Amino acid sequence: MPRAALFDLDRTLVRKETASLYVRYQRSIGEATWRDAARMSLWVAQYTLGVIDAAQVAAKAMRTLAGMPEIVMAARCDDWFRRYVEEHVCDRGRAAVAEHHARGDIVAIVTGGSPYGARPLARRLGIEHVVASELEVGADGCFTGRPIEPLAYGHGKVIRTTRLAEVLGFRLEESIFYTDSYTDLPLLEAVAEQVIVNPDPRLSRIARRRGWRIETW
């Protein structure tokens, strides 16, 4: 049975919060203001502390996408990745992905963000699988402004990653997971091996107490 290596995206494979980088991109094309940037900074801080209502924030963000063609979002994220994200991809993250590929492991990005934000990085690193928070697309090819439950957040990441495991034939309890975030504790507790990368303060304390491997990328 194959083994899986699962990688979080923000502050793990990428040094920055990609949501903040996307707001910078939106500002560059005239679609966001400094108030939007400030609001995003607040959400990022709340996410880091694990005190955010993820479902409520996601619902607000997704409503703004209602009516946008899915193909437009995909193209924008490709441009955004090239201009704002690629320079922040961690060299040690690239090396870890390459090492797992060399071993023959199944490699997947598991992120609370959208698949449109994760796929450009997945393509660049040769990662075939992405677990993410899905957005509902209507018959017209446009976003409806609603998420597809569950979000890939907290226990929702476990549910969505379990579905991938069932499709690909790996066991979650034999997998390795790399992440920085306390909010990923449910998935960390579900896998065999935990690698804590650039951890937030709460996860750092838990990792040290449990003897989990901690790395700085």
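The values are calculated or read from the model by the stated rules, or taken from the named source; none is laboratory data. The structure displayed is predicted, hence computed values, not measured ones. FYI the Cβ positions are ideal-geometry reconstructions off the backbone, even for glycines, and counts take in every protein chain you see.
The set of residues in region 108-130 being in contact (Cβ under 8 Å) with a residue 60 or more places away in the chain and under 14 Å from the mean Cα position of the chain (by Cα) consists of Ala108, Ile109, Val110, Thr111, Gly112, Gly113, Gly117, Ala118, Leu121, Ile127. For region 5-75, the helices (runs of 4 or more DSSP H) that sit wholly inside it and include 2 or more residues that are at pLDDT 85 or above and crowded, with 20+ Cβ neighbours inside 10 Å are 18-28.
Looking only at residues of region 126-153 that are within 18 Å of Leu168 (Cβ to Cβ) and either in a helix (DSSP H, G or I) or among the aliphatic types (A, V, I, L, M) (or both), we find that the one that is modelled with the lowest pLDDT is Ala152. Residues of region 137-163 that are in contact with a strand residue (DSSP E or B) (Cβ under 7 Å, 6 or more places away or on another chain), closer than 18 Å to Thr111 by Cα and free of Cβ contacts under 8 Å to residues at least 60 places away in the same chain: Ile148, Ala152, Lys157, Arg160. Out of the residues in region 179-199 that are touching a residue at least 60 places away in the same chain (Cβ under 8 Å) and either among the acidic types (Asp, Glu) or in a helix (DSSP H, G or I) (or both), state the one that is surrounded by the fewest Cβ atoms within 10 Å (Cβ to Cβ). Applying the filter and picking the extreme gives Tyr182.
For residues that are touching a helix residue (DSSP H, G or I) at 6+ places or on another chain (Cβ under 8 Å), over 12 Å from Glu70 (Cβ atoms) and not basic (Lys, Arg), scanning just region 133-148, find the one that is surrounded by the most Cβ atoms within 10 Å (Cβ to Cβ). Across region 133-148, the extreme among qualifying residues is Ser133.
Could you check how many residues of region 202-211 are surrounded by fewer than 20 Cβ atoms within 10 Å (Cβ to Cβ), touching a helix residue (DSSP H, G or I) at 6+ places or on another chain (Cβ under 8 Å) and free of Cβ contacts under 8 Å to residues at least 40 places away in the same chain?
Residues meeting the conditions: 1.
Restricting region 166-178 to residues that are in a helix (DSSP H, G or I) and out of contact with any strand residue (DSSP E or B) (no Cβ under 7 Å at 6 or more places or on another chain), the residue that is surrounded by the most Cβ atoms within 10 Å (Cβ to Cβ) is Leu172.
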